[in-house]
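This structure is in structure tokens; I'll ask about it shortly.
The values are calculated or read from the model by the stated rules, or taken from the named source; none is laboratory data. In this text the structure is predicted, and so the values were computed from the model without any measurement. Every residue, glycine as well, gets a Cβ built from its backbone with ideal geometry; the counts of neighbours run over all protein chains shown.
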Amino acid sequence: MPLSTMKRLLQKLQNDGLINLQENMVEADALDRLKLAVKAVQSGADLERVSRLLQWREFEAIAAYGFEHNGYRVFRNVHFKHDERRYEIDIAACQEQLIICADCKHWKRGLAASVLKRVVEEQVQRTCAFSEALPDPKIKIGFLVKGQMTFIPVILTLVPARIKLCNDVPVVSVLQSQDFLNELPCHVHVLKHFQKMEHFKTL
């Protein structure tokens with residue numbers, strides 16, 4: 001590619017807020033890299049190839065940041081045991097009596113409907129087990145809850161999925177999480193959820 005063409009493309013990316021040009025250096029933080037990855041896939045780049053360039057922890061960190069930015073207390077990689085089975089919740093985001101249990105899917109291939117259904121079923125099982133396991137001092141999270149707790153399973157993806165709702169479980173692109181969280185209070189009752197009456201503090 002001619003250097004002049006490359007410079008024009010880089011300038012356009014900077015104008016779009018995706019990179020920062022400093023003399024002969026191109027700067028991009030984790031959020032910029034995620035936005036670049038999504039733009040590349042939406043422009044026709046191979047999803048598997050793009051995913052290999054994006055670190056798993058970057059994706060998960062951006063997802064966690066989105067919840068924190070909206071006032072949620074976030075716990076990552078929560079391990080627990082229930083009914084002799086071991087589970088892990090990628091992100092448990094807590095705000096007052098609402099707990100979102102998010103499964104971060106850094107897809108490397110196209111997502112078939114049958115695969116999505118299995119992923120959703122597994123996340124529903126994890127969320128149900130999590131709601132039943134609390135309170136448990138062995139679960140390394142800390143928040144104070146009074147009254148009825150509501151647990152909602154969510155699937156977070158890198159790029160927007162064709163299916164937005166699978167068996168009443170939302171499938172949300174991490175870059176669309178802001179809109180999802182804004183609208184969530186109005187839709188909690190129609191989404192898959194688990195409720196539990198408690199008055200406790202976990203540490």
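Looking only at residues that are part of a helix (DSSP H, G or I), aliphatic (A, V, I, L, M) and modelled with pLDDT of 85 or more in the range 169-203, which one is farthest from the chain's Cα centre (by Cα)?
190
Please work out which one of (1) over 25 Å from residue 57 (Cα atoms); (2) at pLDDT below 85 is the condition residue 166 fails and give its number.
Only one criterion is unmet by residue 166, namely (2).
Still on this structure: Identify the residue in the range 46-87 that is of a type in the set (D, E, K, R) and touching a residue at least 60 places away in the same chain (Cβ under 8 Å) and, among all such residues, is surrounded by the most Cβ atoms within 10 Å (Cβ to Cβ).
Checking each candidate, the answer is 73.
Being in a strand (DSSP E or B), closer than 25 Å to residue 183 by Cβ and acidic (Asp, Glu) is the filter here, so list the residues in the range 74-99 that pass it.
90
Next question, about the same structure. Hey, among the residues in the range 16-53 that are basic (Lys, Arg) and modelled with pLDDT of 80 or more, which one's farthest from residue 69 (Cα to Cα)?
Restricting to residues being basic (Lys, Arg) and modelled with pLDDT of 80 or more, the top hit is 39.
Another one. Are any residues in the range 33-79 farther than 21 Å from residue 162 by Cβ and β-branched (Val, Ile, Thr), and if so, which ones?
Hits for the range 33-79 are 62, 74, 78.
Same structure again: So, of the residues in the range 142-158 that are among the hydrophobic types (A, V, I, L, M, F, W, C) and crowded, with 19+ Cβ neighbours inside 10 Å, which turns out to be modelled with the lowest pLDDT?
The residue in question is 145.
If you don't mind, another one. In the list 64, 37, 30, which residue meets the criterion of being in the same structural domain as residue 140 (by TED's automatic domain parsing), under 15 Å from residue 174 (Cα atoms) and of a type in the set (A, V, I, L, M, F, W, C)?
Going through 64, 37, 30 in turn, the sole match is 64.
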